[in-house]
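Following: one structure in structure tokens, then a few remarks.
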Amino acid sequence: MKRNLPLFFAFFCGILVIVSEFIPHRPFSMLIDTLQNWFMIISGFAIILGQISLFQSNLSKIKQKESGWIFYLAGLLSFCLMLIVGLLWGTQETGGIFGHGLKLQASLGAKPFDYLFDFAYMPLSATMFSLLAFFIASAAYRAFIIRSFESNLLMITAVIVILGRTSFGGMLTAWVPESYKFWQLPNLSDFIMEFPNSAAQRAIMISAALGIIGSSLRIILGIERSYLGSDK
Amino acid sequence: MSHFMSVLGLWMSVFFTFSIFSFLYKDNPFYKLAEQIFVGLSAAYWLVYLFYSIMLPNLFTKLISDFRGNIILLIPAVLGLMMLMRIIPKTQWLSRFPIAIMIGTSAGISMVRYAKSDLLSQISATMINPFAGETTSIVIGNFLLIIGTICGVYYFYFSKKQEGISAVPSKIGIWFLMISFGASFGYTVMARVSLLIGRLEFLLKDWLHIIN
Amino acid sequence: MSVVNSSQTERRIVFLILLVAVALPLIFPIGWKTGVTNYTKMVWELVESTPDSSVVIFSFDYDPSTMTELQPMAEAMLDHAFSRHQKVLVTALWPQGMQMADQAIKVVKAYHPDITYGQDYVFMGYKVAGIVAIQAMGKDMEQVFPADQSGTKYKDIPMLREVKTLKDVAYVNSLSSGTPGIKEWVMAARDVYHTPVTGGTTAVSAPGLIPYVNSQKQLYGLLGGLKAASEYETLINRVGSATVKMDAQSVAHLLILLFIAAGNIKALRARKRRAS
């Protein structure tokens, strides 16, 4: 029961979705509507599970005083702070347990949750990803080296696109006569994106779709069952 | 008070910005602190929004306002609780049921959606009349689109050793992929630089007031 | 050890040059102009040709990490939609999207002070489960959005009275930086319910989404990155936040090309040295 019943559930749900695609009428339409609504709610619990497990993992690192435990403690405290203010006073238009906290809003200029979002979460998130600009510049200098015909193709395309997607690229080839405007960098860059790039990305898309269809079938038919975990 | 708090908030943002940037020199405690705070805030943010946008309107409010009319919602609620049982080793097996429902549904949806959007529609979009273009460049482009797609799929799907004439489409497929990767690199440069511009704009405009 | 040190120093010099190269055009703008590409024009045309008073969906499927690219698009497109008197249902497949939407609406309200909540726009909140939520919208919007963010019931929101399913929506505009995002909207909204889908994405995701802009009209145009955002601002005759950043973007691109050239010269020299 512990293994076969879940496998049957997966089979039933998968088949139901597929059948309802071809017979979009009662009872299948009704069943699929219900399943979709349930799916959203269960997904919510799945996210809660993820957050609890993150909390547990941080807590155990702190308990065992692993190296850098003080940072995990800071992470845990910030988690608790954001969660508590969010539940107590809500966010944006949504009120919390204590309503909208108008007095707090007046002194902070925003709800505590939104204040933390604006002044802590937003700069942290935006800066974290802006680091990638430095790493790509370093990669351009150290790793983008011509070695073969294929790498030449890659390099030439990259140069055209990098130049074509700037205001400068347009100016650089603005002198090209109107009858040859295809050779202006922005147009050349657009052509590459619209045709050769599309062709390659479409090939990837078609191939990946075939792969996804195959692996979905394996799951529905119960051949792929690793998501159930072990029996131990 | 409000002004003081917004100034404090601004300095907090600056502190976090520099803490993250300090990683460019080398890994250090400021970066580690900022990183963990980010993880903590991010997780809590998700949880709070999940509660207000999903759990409350789609489950709890419905059950509280009209329990009899929505009694069927107890099933996903119980399944959700079974999902949480994964935390306790002894009851872990209970989580298999909701996971199986989610995986089965996702597999079914992926299968039909990818078959329609990424397989059939893409094949239809490739089966075009190449001569239908208004200009020579579009006609050439249409040919490239058809040849590139077919050769790309050939490269991915005929993985047995290719020699002689049978290796030609694969080779052409690789060329198209290289062109696409080059274009992707160009676009990646653009994306990453934009993110840096955003942070510098914050420092120069909101903090230092050097620019308007 | 010295090789490692010199490599580290080289890296830091690259970082420093990039930082200065991006900062200088922000402080001293050059004012380079940017042309408008076809894909941007297609997005603009869809918004422009949609009848007044139509209900449209703006899905904010991104977070602050990519806001530099996507926020200007959101502002420009909201501005355009409101100027065409379209009614905007705001939702998000990413939880952070709702905060981004709130900020964008605040900016756009400066140009359209007369827009009112519930009549011209409404915040329906974050929805989990991506493609499944979109499919469910195709059957019954009220089931997915029982209430707005402030708790007002779906049927009590004036602008949504006629909107029962996704089919009643004139178009969906997804501003997305990953999954779930444009791809899911195309798969579920366009390919199942035939609701036109358009959108904007980060430059890094754009090449992978371009095949959807095809003869099947799976996607009506696509805004890819900051340049496309500045093009859209040009089309609606507004000097927005993307346009002012394009100088810095252009200079940084030139610098990256210089880095590529310098790296190749260095590699070539090393190869020659080894050969000799």
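The values are calculated or read from the model by the stated rules, or taken from the named source; none is laboratory data. This one's a predicted model, so the numbers in the text were calculated from it and none came from an experiment. Here the Cβ positions follow ideal geometry from the backbone for every residue, glycine too, while neighbour counts run over all protein chains shown.
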**Asked** If you check B:Ser166 against the conditions, is it more than 26 Å from A:Leu210 (Cα to Cα), in a helix (DSSP H, G or I) and small (Gly, Ala, Ser)?
**Response** no
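Scan the stretch B:56-110 residue by residue and report those that are outside any helix (DSSP H, G or I) and surrounded by 13 or more Cβ atoms within 10 Å (Cβ to Cβ). Break it down stepwise before answering.
Here is the first cut: in the stretch B:56-110, the ones outside any helix (DSSP H, G or I) are B:66-70, B:88.
Correct list: B:Asn70 only.
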**Prompt:** Which one is farthest from the chain's Cα centre (by Cα) among residues in the stretch A:1-22 that are in a loop (DSSP other than H, G, I, E, B) and more than 7 Å from chain B (Cβ to nearest Cβ)?
**Reply:** A:Met1
**Complete:** Residues in the stretch C:9-22 that are within 27 Å of the chain's Cα centre (by Cα) and touching a residue at least 12 places away in the same chain (Cβ under 8 Å) total 3
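For the subset of the stretch C:2-60 comprising residues that are part of a helix (DSSP H, G or I) and among the small types (Gly, Ala, Ser), which member is farthest from C:Gly130 (Cα to Cα)?
Looking only at the stretch C:2-60, we keep the residues that are part of a helix (DSSP H, G or I), and these are C:2-27, C:38-49.
Remaining after also requiring among the small types (Gly, Ala, Ser): C:2, C:6-7, C:21, C:23, C:49.
Working: C:Ser2: 51, C:Ser6: 47, C:Ser7: 44, C:Ala21: 39, C:Ala23: 38, C:Ser49: 28 Å.
Out of the qualifying residues, it is C:Ser2.
Among the listed residues B:Thr126, B:Thr61, identify the single one that is facing chain A (nearest Cβ under 7 Å), polar (S, T, N, Q), more than 23 Å from the chain's Cα centre (by Cα) and farther than 28 Å from A:Ile220 by Cα. Break it down into steps so the answer makes sense when it comes.
Numbers: B:Thr61 fails: facing chain A (nearest Cβ under 7 Å).
Checking each option against the conditions leaves just B:Thr126.
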**Complete:** A:Ile145: passes all of (1) in a loop (DSSP other than H, G, I, E, B); (2) closer than 30 Å to C:Gly31 by Cβ but (2)
**Fill in**
Only one of A:Leu88, A:Leu124 is within 30 Å of C:Tyr121 (Cβ to Cβ), in a helix (DSSP H, G or I), more than 7 Å from every other protein chain (Cβ to nearest Cβ) and of a type in the set (A, V, I, L, M, F, W, C), namely A:Leu88
**Asked** Among the numbered criteria (1) more than 7 Å from every other protein chain (Cβ to nearest Cβ); (2) assigned to a helix (DSSP H, G or I); (3) at pLDDT below 95, which single criterion is violated by A:Ser138?
**Response** (1)
**Complete:** Of the residues in the stretch C:108-130 that are crowded, with 18+ Cβ neighbours inside 10 Å and either of a type in the set (Phe, Trp, Tyr) or out of contact with any strand residue (DSSP E or B) (no Cβ under 8 Å at 6 or more places or on another chain) (or both), the one that is modelled with the lowest pLDDT is C:Ala129
**Unique match (being within 25 Å of A:Thr173 (Cβ to Cβ), in contact with a helix residue (DSSP H, G or I) (Cβ under 7 Å, 6 or more places away or on another chain) and of a type outside the set (Lys, Arg)) among C:Pro64, C:Pro72, C:Pro29** = C:Pro29
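Might you check whether a residue that is closer than 17 Å to C:Arg84 by Cβ and not basic (Lys, Arg) occurs anywhere in the stretch C:202-218?
Restricting attention to the stretch C:202-218, the residues satisfying the condition of being closer than 17 Å to C:Arg84 by Cβ are none.
No, the conditions are met nowhere in the stretch C:202-218.
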**Message:** Considering only the stretch C:91-99, I want to know if a residue exists there that is surrounded by fewer than 17 Cβ atoms within 10 Å (Cβ to Cβ), in a loop (DSSP other than H, G, I, E, B) and either in contact (Cβ under 8 Å) with a residue 24 or more places away in the chain or touching a strand residue (DSSP E or B) at 6+ places or on another chain (Cβ under 8 Å) (or both).
**Reply:** no
**Selection count, the stretch B:22-45, where residues are at the interface with chain A (Cβ under 7 Å from one of its Cβ atoms), surrounded by fewer than 21 Cβ atoms within 10 Å (Cβ to Cβ) and either farther than 25 Å from A:Phe55 by Cβ or of a type outside the set (A, V, I, L, M) (or both)** = 3
**Prompt:** Of all residues in the stretch C:36-68 being at pLDDT below 95 and of a type in the set (Asp, Glu), which is surrounded by the fewest Cβ atoms within 10 Å (Cβ to Cβ)?
**Reply:** C:Asp52
**Prompt:** If you scan the stretch C:123-170, which residues turn out to be at the interface with another protein chain (Cβ under 8 Å from one of its Cβ atoms) and not in a loop (DSSP other than H, G, I, E, B)?
**Reply:** C:Phe123, C:Gly125, C:Tyr126, C:Ile131, C:Val132, C:Ala133, C:Gln135, C:Ala136, C:Lys139, C:Gln143, C:Val144, C:Ala147
**Item:** Pair list, Cβ under 7 Å, 6 or more apart: the stretch A:202-231 residue touching a residue at least 60 places away in the same chain (Cβ under 8 Å), other residue not in a helix (DSSP H, G or I)
**Value:** A:Leu228/A:Arg3
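Looking at B:Leu81, B:Leu10 in this structure, which one is in contact (Cβ under 8 Å) with a residue 60 or more places away in the chain, farther than 28 Å from C:Ile13 by Cβ and within 9 Å of another protein chain (Cβ to nearest Cβ)? Give the steps one after another, and end with the answer.
On the way: B:Leu81 fails: in contact (Cβ under 8 Å) with a residue 60 or more places away in the chain.
Answer to the selection: B:Leu10.
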**Prompt:** Name the helices (runs of 4 or more DSSP H) wholly within the stretch A:162-232 that hold at least 3 residues that are more than 7 Å from chain B (Cβ to nearest Cβ) and buried (at least 21 other Cβ atoms within 10 Å of the Cβ)?
**Reply:** A:167-172, A:185-192
**Request:** Hey, can you tell me all the residues within the stretch B:138-165 that are surrounded by fewer than 17 Cβ atoms within 10 Å (Cβ to Cβ) and among the polar types (S, T, N, Q)?
**Result:** B:Ser159, B:Gln162
**Asked** Which of (1) surrounded by fewer than 24 Cβ atoms within 10 Å (Cβ to Cβ); (2) more than 12 Å from every other protein chain (Cβ to nearest Cβ) is the odd one out, the single condition C:Lys217 does not satisfy?
**Response** (2)
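Taking the condition part of a helix (DSSP H, G or I) and touching a strand residue (DSSP E or B) at 6+ places or on another chain (Cβ under 9 Å), does A:Phe113 pass?
Judged against the criteria, A:Phe113 is a match.
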